[in-house]
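The values are calculated or read from the model by the stated rules, or taken from the named source; none is laboratory data. Just so you know, these numbers come straight off a predicted model, no measurement behind them. Every residue, glycine as well, gets a Cβ built from its backbone with ideal geometry; the counts of neighbours run over all protein chains shown.
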Amino acid sequence: MSVLVYIETPGGKIKKSGFEAMYYGAKTAEMLKTTCIGLIIGESEASNQLGKYGATRVVQVPHKGDFDAQIFADIIYKSAIAQNSSVVILSHTADGKCLTGRIAVKMNCGLVSAACGLPEMRSQLCIPKMVFSGKAKAWYNILTDKAVISVSGNSIQPQIIGQDVTPEISNLEIADSKIKVISRKTVEGIVPLPEAELVVSAGRGMKGPENWNIVEELAKSLGATTACSRPVADTGWRPHHEHVGQTGVAIKPNLYIAIGISGAIQHLAGVNNSKTIVVINKDPEAPFFKAADYGIVGDLFEVVPKLTTAVNKFKQGH
Ligand code: FAD
């Protein structure tokens, strides 16, 4: 018996979410008194580092093509059989969301997606997950012998608990992909929202897309990623990938600055796990202030440029 952790390697790199999943798998394996195996599909120069985050072994399945959920789910499933793994762990990323259901069906077992903490062994394996738009935590019992878990970003702080390991090359047979990628467009130059430590976000209080330069300037001076509320994305003021909340991206940065956002429950659902929340709103009754660590009551068109100047001044002095 073992715990198998699939690690995504976009562009040959391992993202923070990959090390989180690895460490989560290692702690799960420790609890189950078994070993933890990291699985890589394709190549990554960082694969031996997985040992530092608790992988006893790392298995690398050579693969040249693009991500294909059917092929990858098949590889992970076959690897789980080959490694005698009863628990399969993935990151709760876009790719992870495509894979978990497929793997759980193949393994004929229970699935908990977006786990927010480590599992516990009660009478069965129990896994915590946020529910009711982040207002409550529920524990899910897995009733089958095997389990698939996807780990929500920033749910666990990965720690170094081991040493580098040399990956073993797997000779698993891989089926041909039925999908042909014609073109690929990626957002470049910024930290993607799910991984961003600093986020500057704005809402309808901005009045229109033409005013976003003040948000972008603040984000630039902080080195932050920009985000927005849903109506802002819906009306086309900002791209949809910036929309955070219940129906958008769920984030957990160290700092979330909310500018001209009322703080509706659906918005808070995606951001209220941020470590520090700063709210700028002209309405002192705005609900967001209840969730804020720091609040500035004022006109954003005055406050935000002043904040940017203050940040730049601070940076010059340090
Ligand atoms: P508003 O509610 O219009 O708030 C604008 C704020 O700006 C106000 O608080 C106002 O005081 C302030 N303001 C105005 N002018 C200034 C100024 N000059 N200076 C300072 N402050 C100013 N929303 C999301 O964001 N994410 C989601 O994922 C999401 N999912 C949803 C799912 C469902 C099923 C439903 C029904 C709704 C969802 N919503 C979501 C919408 C949500 O309910 C709110 O309508 C939305 O978050 C409001 O966006 P907002 O705060 O930008 O705008």
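If you check 290, 306, 313, 252 for being crowded, with 19+ Cβ neighbours inside 10 Å and more than 8 Å from the ligand (Cβ to nearest atom), only one passes: 252. Taking residues in the stretch 276-304 that are closer than 18 Å to residue 229 by Cα, and partners anywhere that are within 9 Å of the ligand (Cβ to nearest atom) and polar (S, T, N, Q), the pairs with Cβ atoms closer than 6 Å and at least 6 places apart or on different chains are 286/262. Looking across 192, 231, one residue alone is touching a Lys or Arg at 6+ places or on another chain (Cβ under 9 Å), farther than 18 Å from residue 134 by Cβ, near the ligand (Cβ under 9 Å from one of its atoms) and not aliphatic (A, V, I, L, M). It is 231.
Among the residues of the stretch 288-305, is there at least one that is under 30 Å from residue 93 (Cα atoms) and either assigned to a loop (DSSP other than H, G, I, E, B) or more than 28 Å from the chain's Cα centre (by Cα) (or both)? So far as the stretch 288-305 goes, yes, one or more of its residues are under 30 Å from residue 93 (Cα atoms) and either assigned to a loop (DSSP other than H, G, I, E, B) or more than 28 Å from the chain's Cα centre (by Cα) (or both). Scan the stretch 98-112 and give yes if some residue there is modelled with pLDDT under 95 and either among the small types (Gly, Ala, Ser) or touching a Lys or Arg at 6+ places or on another chain (Cβ under 7 Å) (or both), otherwise no. Checked the stretch 98-112: no residue is modelled with pLDDT under 95 and either among the small types (Gly, Ala, Ser) or touching a Lys or Arg at 6+ places or on another chain (Cβ under 7 Å) (or both). Within the stretch 10-53, restricting attention to residues that are modelled with pLDDT under 95 and polar (S, T, N, Q), the residue that is surrounded by the fewest Cβ atoms within 10 Å (Cβ to Cβ) is 48. Taking the stretch 195-216 as the range and being away from the ligand (no atom under 16 Å from the Cβ) and either part of a strand (DSSP E or B) or under 30 Å from residue 158 (Cβ atoms) (or both) as the test, the residues that pass are 195, 196, 197, 198. When 280, 261 are checked against the criterion of being in a loop (DSSP other than H, G, I, E, B), within 10 Å of the ligand (Cβ to nearest atom) and not hydroxyl-bearing (Ser, Thr, Tyr), 261 stands alone in meeting it.
With respect to the conditions (1) of a type outside the set (Asp, Glu); (2) at pLDDT 95 or above; (3) buried (at least 18 other Cβ atoms within 10 Å of the Cβ), residue 269 falls short on a single one, namely (2).
Scoring residue 24 on the criteria (1) over 22 Å from residue 196 (Cβ atoms); (2) in a helix (DSSP H, G or I) leaves a single failure, condition (1). Here residue 49 fits the description: touching an Asp or Glu at 6+ places or on another chain (Cβ under 7 Å), among the polar types (S, T, N, Q) and not in a loop (DSSP other than H, G, I, E, B). Selection of first residues in the stretch 94-115 that are under 26 Å from residue 251 (Cβ atoms) and of second residues that are in a loop (DSSP other than H, G, I, E, B), restricted to Cβ pairs under 7 Å at least 6 apart or on distinct chains, gives the following pairs, ordered by first then second residue: 95/8; 95/67; 113/92; 114/92; 114/152; 115/152; 115/155.
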